[in-house]
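What follows is a set of notes on a single structure, which appears directly below.
Just so it is clear, none of the values below were taken in a lab; they were calculated from the coordinates. Every value quoted in this text rests on a predicted model; they were computed, and no experiment measured them. Reconstructed Cβ throughout: ideal geometry from the backbone, glycine too, with neighbour counts over all protein chains shown.
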Amino acid sequence: MTRIAVLGAGGRMGRAIIADILAAPDLELAGAVERPGHPACGTEVSEDSVMVICANAAPVAHKADVLVDFSSPDALDEHLRAALDANVALVVGTTGLEARHHAALDKAARSIPILQAANTSLGVTLMLTLMEQAARSLGPEWDIEILDWHHRHKVDAPSGTALALGEAAARGRGGTLEELRLPPHDGIGEPRPRGGIGFASLRGGSVAGQHQAFLASEGERLIITHEAEHREIFARGAVAAARWLAGRPADRYYMRDVLGL
């Protein structure tokens, strides 16, 4: 029985992950955490469980085999400290992480197993591999544009998944996204440079998540698309990642490792 604790338990993703854990015969919900002052603190995690959501990750971590974090970038440092103190694995699905957060994850991964993903969908995981292969095979004469569309409440743009697609494309072209990323298309500017990677973001409605990677050359286009119909797919992927990560040696892992890609 793998014991999983959920950080960010009061959010939509946290609730979905908790439901999946409670429904799985091989998993046990070890605890649920939200930031102090969150309305969910002190409430029961579900109608089927008397466990309540607390505001301190440290004691919960000592009861778990794996922590699953879908909270906020501001909470990552505290959650890393809790995971390190308890010597437990950590799955991070929080989006909007910056370079300093990734540096902290790299450092912590020397001591505990950490799996970080901008998107825990298994379909998106495969899409990232296809993106890298397409960029490598088709070459810089094919323009790359990445579009993401999310609900009106999403605050970061481009999405973490869109940036991950850009990073996959850059790897395929033997460079980095920092080198190849194009500025936003706005107004009248210079013609599109060869080999660059562009982004566009749409926000509106209740779209759970849609990503498209466009590769276009003279006379033909290739479009790789992933559409998320509901958040349950991300919860399923996060739970699969936690199940896979339990008992692994200290290192930094990714969703592609879960699928063996």
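Cα centroid separation, region 40-77 to region 102-124: 19 Å. Rounded to the nearest 10 degrees, the angle from helix 232-245 to the longest Cα principal axis of the chain is 70 degrees. Listed peptides 211-217, 119-125, 95-101, 147-153 appear in the order 119-125, 211-217, 147-153, 95-101 once ranked by packing, highest mean of other Cβ atoms within 10 Å at the front.
Computed across region 27-96, the Kirkwood radius stands at 12.4 Å (inverse of mean 1/r, all Cα pairs).
Computed from the Cα positions only, the extents of region 84-164 along the three principal axes stand at 49, 33, 24 Å, in decreasing order.
Based on the Kirkwood approach, the hydrodynamic radius assigned to region 215-261 is 13.6 Å, with every pair of different Cα atoms included. Between helix 99-108 and the chain there is an angle of about 50 degrees, using the helix long axis and the longest principal axis of the Cα atoms. Spherically averaged projected area of the convex hull of Cα atoms, the chain: 14.8 nm². For region 142-207 versus region 223-243, the inter-centroid distance based on Cα atoms is 21 Å. A simple spin-label model places pseudo-atoms 7 Å from Cα toward Cβ; at Thr225 and Gln133 they are separated by 2.0 nm. Relative to the dominant Cα principal axis of the chain, helix 12-23 is inclined by about 60°.
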